[in-house]
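Have a look at the structure below before the remarks.
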Amino acid sequence: MHLRYLMIAATAIFAMFLATAFAAPGDPPGAKAVELPLTRVVLFNAGVGYFQRDGAIDGNARIEMRFPEQDVNDLLKSLILEDKNGGKLKAVTYDGKHPIDVTLKSFAVDLTENPGIAQLLVQVRGEKVEVTDKQGTITVGLIVGVEKPTPHDGTPAATSEGEQLNILAPDGLQSVSLSKLRKIKLLKPELEAEFRKALEVLASARGASKKTVVVAFDGNGRRNVKVAYVTEAPMWKATYRLTLGDKDKAQAALQGWATVENTTDEDWTNVKVGLVAGRPMAFEMNLYDPLFVPRPMVEPELFASLRPPVYQGAINNTANPQGGVGNLNFAGGQGGFNGGQGGGFGGGQGGLGGNGMYFANPNFQGTNLGGQHGFQGGNAGNFNFQGGIYRASTRELLGPRLSNQDFAARVNGGVAKPDAKAQSTGSKVLSAAAAMSLGDHFEYAIEEPVTLPRLKSALLPIVTDSLDCKRVSIFNERDGIKHPLLGLRLTNKTKRNLAQGPMTVYDNDTFAGDARVPDTAPGETRLVSYAIDLNTEVVPKVIRANAVIELAKIVGGLLIVNEKTRITTRYFIRNRGPSERNVIVEHAIRAGWKLFAPEKPSETSRDMYRFEVVAKSNETVTLEVLEDSPTSTNTNLTSISEEALRFYVAAAETSPAIKQALAKVLEMRSSTATAKKSLAEEIAALKAIGDDQTRIRANLERVPKDSEAYKRYLKKFDDQETEIEKRQAKQKELETQIVAEESAYKTYLDKLKVE
């Protein structure tokens, strides 16, 4: 077998054995690798699970666990460790967030591109090695390079036949064919350790999405330890079967089951399982990604303005950093870092990542770190990176999960002894769960250990008991149908919380329908519906009434009026069935409305009144629901309109005292209004007289003084002066009257109080 393929196989073997050959940082001296079995699983309705591992260790120990990358944040947030009998907890180490390629590139020997033997040797040029050929001849020296003869056409061959390792031995430069070597040994311990660490990292990446977490315990003697954590897990789901008895019996047999899925990457073997009905707050936080806090750049004030100048490069220099024709440039052209034909470090012929020359001689022509025989690119098809074997985790196989929006949309839309009552109703399933209170949560502890292979699901019995039930028909206008729904009023007489879930109802040993059970505490009563009651019909009719004055009073110049609007809803219930029906009418609670009649509903939920009506066979009964919407208005009597005052005075609901007070208000306002009108008339008349006197003065200036017209104008002017004096006196009198009446009106209102 060719040596290159031997090295590939050796790499895989190294990866398998070196995974356990190196202790994690922080491991106690002499720590032994120990496996802690999974002993307890508690699943929550919040989409998380509590996992506990217990076991015995002796002396120093290390426990290595592997988790999907998406679970590492939950692990860092919730991991809890216990080392009893004097043990000490050491640091918990885990794989970093960096991709495997980044980690591999950090080692002195880069295994990223699955290098062959020639490429490995080129990476360690100048290092001291010991090579042994197939005849057993040993040669020790420094690696000079690897070369391959160029065919006559000048292009490198596509195979590795004829590759020669050049070594500087104590007695001179020697060339050894790689195909004739049996063993190559690195003589520098630090370099060999780097090589082994790189192989260890490569081995740890077998599951590309898995991260290794190492827990170390330090102590003496044999003792028990525990590792527990909370990670994402599918919520367990409850499902029930309810078997109804005869119609005159008030009990029904209940069987409750829980669906449990093992979505972890390991089998559950004899694991104690607990199921918690409750919603603890659970969230995700990114503790895994390294966070770097930005810091300001501070410079000494004296030199804050100093900056080194940038000089343009010459265009005829032999070491041109911008390209061109040169033996060693950095950015392109012949011999460039990123391109060029030779002598460069990247791109093009002889470049770091291009179509470089083969390793031939010690000068820059064809001696590069890339290209056809390089590590970061090129066209050498013989050295293509094959990659590791990818193994998807069970989480990835399960497909995408629900988003918060999807989940919100779905939401809106010890061994217990057999119960005598349950057995009397025909139940044959024994509960395997013991109920245990956890404050605001409730746990079903499955007493018998559970064995469940990964990616398998199970139905576990959690409840076997009887419930008190009453057959009812439930009508809610919002359901959009004219018939009520056949339902049950269930009372949880068990000592267990019933977690929400579907319930299949059996009546007379046959399927009757499916219902949904909400979370129900012991002693709590709930309504459930499972079918349509076709024998019963309900017709609702709404009658609106006008607003009615309920109370009016006057306090401090404010007219306070309480009004109410009444809505009457009549439900006509027709029972065409052969038996009596207990019909529960759900009536929506309206904000701002108060129930007037019936005085008290049968029960009230957060959003509904419930009224229970008995409808006998072939009869129609009527339920009338009256609701009032009270409103109160406060109106200042100084600003209220005259029309509104007359309305309240004329209203039959207004008390006589209020009518008398409002009539007085109308009288005072009318007197003041009359005075103001008279004042306005006097002011208008004075203005008209003034305008006429202006005209008369102009005429007196133009006509002769001995004329009859002059005498007539003069007499009229004199009469107007007398009238002006009278009207001015009247204006002053009216102004005084208005001020007095307004003052009296304000005083009257301030003192007015009528209940």
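Just the residues that are aliphatic (A, V, I, L, M), in a strand (DSSP E or B) and open to solvent by 10 Å² or more (accessible area, probe 1.4 Å), please, taken from segment 215-235.
As a first pass, look at segment 215-235 and keep what is aliphatic (A, V, I, L, M): 215-216, 225, 227-228, 230, 233, 235.
Okay, now just the ones that are also in a strand (DSSP E or B), so 215-216, 225, 227-228, 230.
Passing the criteria: only V230.
Residues to consider are R606, R646, R570, R610; find the one that is assigned to a loop (DSSP other than H, G, I, E, B) and open to solvent by 30 Å² or more (accessible area, probe 1.4 Å).
Details: R646 fails: assigned to a loop (DSSP other than H, G, I, E, B); R570 fails: assigned to a loop (DSSP other than H, G, I, E, B); R610 fails: assigned to a loop (DSSP other than H, G, I, E, B).
Checking each option against the conditions leaves just R606.
L534 is checked against (1) open to solvent by 50 Å² or more (accessible area, probe 1.4 Å); (2) at pLDDT below 90 and fails just one. What number does that condition carry?
(2)
Filter segment 618-643 down to the residues that are among the small types (G, A, S) and open to solvent by 40 Å² or more (accessible area, probe 1.4 Å) and list them by number. Show your work before the answer.
Going residue by residue through segment 618-643, those that are among the small types (G, A, S) are 629, 632, 639, 641.
Selection gives S632, S639, S641.
Pick out the one residue from T747, T736 that is under 30 Å from I560 (Cα atoms) and of a type in the set (S, T, Y). Please lay out each step first, then the result.
On the way: T736 fails: under 30 Å from I560 (Cα atoms).
Residue meeting the stated conditions: T747.
Filter segment 65-96 down to the residues that are under 22 Å from A233 (Cβ atoms) and touching a Gly at 6+ places or on another chain (Cβ under 9 Å) and list them by number.
The answer is R66, P68, V92.
Taking the conditions exactly as written (assigned to a strand (DSSP E or B) and at pLDDT 85 or above), does V665 satisfy them or not? Step through it out loud before you land on a result.
Working: assigned to a strand (DSSP E or B): no; at pLDDT 85 or above: yes.
Against the criterion (assigned to a strand (DSSP E or B) and at pLDDT 85 or above), V665 does not qualify.
If a residue must be surrounded by 13 or more Cβ atoms within 10 Å (Cβ to Cβ), more than 22 Å from P280 (Cβ to Cβ) and of a type in the set (G, A, S), how many such residues does segment 440-458 contain?
1
Looking for something in a strand (DSSP E or B) and of a type in the set (A, V, I, L, M, F, W, C) - is there at least one such residue anywhere in segment 196-210? Spell out the reasoning first.
Quick first cut of segment 196-210, residues in a strand (DSSP E or B) only: 210.
Right, trim to of a type in the set (A, V, I, L, M, F, W, C) and you get none.
Among the residues of segment 196-210, not one is in a strand (DSSP E or B) and of a type in the set (A, V, I, L, M, F, W, C), which makes the answer no.
So for segment 467-477 (the condition being out of contact with any helix residue (DSSP H, G or I) (no Cβ under 9 Å at 6 or more places or on another chain), within 24 Å of E586 (Cα to Cα), at pLDDT 65 or above and not in a strand (DSSP E or B)), does at least one residue qualify? I'd like the intermediate steps shown before the answer.
To start, the set of residues in segment 467-477 that are out of contact with any helix residue (DSSP H, G or I) (no Cβ under 9 Å at 6 or more places or on another chain) comprises 467-477.
When the remaining residues are screened for being within 24 Å of E586 (Cα to Cα), the result is 467-477.
Filter once more, so that each one left must be at pLDDT 65 or above: 467-477.
Filter once more, so that each one left must be not in a strand (DSSP E or B): 477.
Yes, some residue in segment 467-477 is out of contact with any helix residue (DSSP H, G or I) (no Cβ under 9 Å at 6 or more places or on another chain), within 24 Å of E586 (Cα to Cα), at pLDDT 65 or above and not in a strand (DSSP E or B).
What pairs can you find where one residue is in segment 577-592 and assigned to a loop (DSSP other than H, G, I, E, B), the other is surrounded by fewer than 15 Cβ atoms within 10 Å (Cβ to Cβ), and their Cβ atoms are less than 7 Å apart, with a gap of 6+ or different chains?
The qualifying pairs are G577/S617; P578/S617; S579/S617; E580/V614; E580/K616; E580/S617; I589/D607.
Considering each of I689, I696 in turn, give the residue that is more than 30 Å from R646 (Cβ to Cβ), touching an Asp or Glu at 6+ places or on another chain (Cβ under 8 Å) and surrounded by 13 or more Cβ atoms within 10 Å (Cβ to Cβ). Working first, answer last.
Details: I696 fails: touching an Asp or Glu at 6+ places or on another chain (Cβ under 8 Å).
On inspection, the qualifying residue turns out to be I689.
In segment 257-289, which residues are of a type outside the set (S, T, Y), assigned to a loop (DSSP other than H, G, I, E, B) and within 22 Å of the chain's Cα centre (by Cα)?
Taking segment 257-289 and keeping what is of a type outside the set (S, T, Y), we get 257-258, 260-262, 265-268, 270-287, 289.
The next check asks that each one be assigned to a loop (DSSP other than H, G, I, E, B); those that pass are 262, 265-267, 278-287, 289.
Correct list: G278, R279, P280, M281, A282, F283, E284, M285, N286, L287, D289.
What residue, among those in segment 32-53 that are assigned to a strand (DSSP E or B) and open to solvent by 50 Å² or more (accessible area, probe 1.4 Å), is nearest to W236 (Cα to Cα)? So that I can check it myself, show each step before the final result.
Within segment 32-53, the subset assigned to a strand (DSSP E or B) is 32-33, 38-44, 48-53.
Adding the requirement that they be open to solvent by 50 Å² or more (accessible area, probe 1.4 Å) leaves 32-33, 40.
Numbers: K32: 37, A33: 34, R40: 15 Å.
Taking the candidates together, the pick is R40.
Please list, ordered by residue number, the helices (runs of 4 or more DSSP H) wholly in segment 57-139 having 3 or more residues that are buried (at least 19 other Cβ atoms within 10 Å of the Cβ) and of a type outside the set (D, E, K, R).
Result: 117-123.
Tell me yes or no: at least one residue of segment 153-173 is assigned to a loop (DSSP other than H, G, I, E, B), of a type in the set (S, T, Y), modelled with pLDDT under 85 and open to solvent by 20 Å² or more (accessible area, probe 1.4 Å).
Here is the first cut: in segment 153-173, the ones assigned to a loop (DSSP other than H, G, I, E, B) are 153-163, 170-171.
From the residues that got through so far, the ones that are of a type in the set (S, T, Y) too are 155, 159-160.
Next cut, modelled with pLDDT under 85 only: 155, 159-160.
From the residues that got through so far, the ones that are open to solvent by 20 Å² or more (accessible area, probe 1.4 Å) too are 155, 159.
Yes, segment 153-173 contains at least one residue that is assigned to a loop (DSSP other than H, G, I, E, B), of a type in the set (S, T, Y), modelled with pLDDT under 85 and open to solvent by 20 Å² or more (accessible area, probe 1.4 Å).
What is the one condition in (1) over 30 Å from E742 (Cβ atoms); (2) open to solvent by less than 80 Å² (accessible area, probe 1.4 Å) that R576 does not satisfy?
Among (1) over 30 Å from E742 (Cβ atoms); (2) open to solvent by less than 80 Å² (accessible area, probe 1.4 Å), the lone unmet condition for R576 is (2).
Looking at (1) assigned to a strand (DSSP E or B); (2) modelled with pLDDT under 90; (3) not small (G, A, S), which is the only condition T239 fails?
Here T239 meets the rest and fails (2).
If K705 meets every condition in (1) closer than 23 Å to L679 by Cα; (2) exposed (fewer than 12 other Cβ atoms within 10 Å of the Cβ) apart from one, which number is that one?
(1)
Do the conditions hold for I683, that is, is it open to solvent by less than 40 Å² (accessible area, probe 1.4 Å), β-branched (V, I, T) and closer than 30 Å to V665 by Cα? Quick ask: steps written out before the conclusion?
Details: open to solvent by less than 40 Å² (accessible area, probe 1.4 Å): no; β-branched (V, I, T): yes; closer than 30 Å to V665 by Cα: yes.
No, not satisfied.
Among the residues of segment 459-497, write down those that are of a type in the set (S, T, Y), farther than 12 Å from G523 by Cβ and open to solvent by 10 Å² or more (accessible area, probe 1.4 Å). Give the steps one after another, and end with the answer.
Going residue by residue through segment 459-497, those that are of a type in the set (S, T, Y) are 464, 466, 473, 491, 494.
Now restrict to residues that are farther than 12 Å from G523 by Cβ: 464, 466, 473.
Across segment 459-497, the qualifying residue is only T464.
Determine, yes or no, whether A238 is crowded, with 22+ Cβ neighbours inside 10 Å and touching a Ser or Thr at 6+ places or on another chain (Cβ under 9 Å). Quick ask: steps written out before the conclusion?
Working: crowded, with 22+ Cβ neighbours inside 10 Å: yes; touching a Ser or Thr at 6+ places or on another chain (Cβ under 9 Å): yes.
Spelling it out, A238 is indeed crowded, with 22+ Cβ neighbours inside 10 Å and touching a Ser or Thr at 6+ places or on another chain (Cβ under 9 Å).
The values are calculated or read from the model by the stated rules, or taken from the named source; none is laboratory data. Only a predicted model underlies this, so the values are computations on that prediction, with no experimental measurement involved. FYI the Cβ positions are ideal-geometry reconstructions off the backbone, even for glycines, and counts take in every protein chain you see. Ligands, DNA and RNA are stripped out before the accessible areas are found, and what is left, the full protein with its side chains, is counted by its heavy atoms. Shrake-Rupley method; radii C 1.70, N 1.55, O 1.52, S 1.80 Å.
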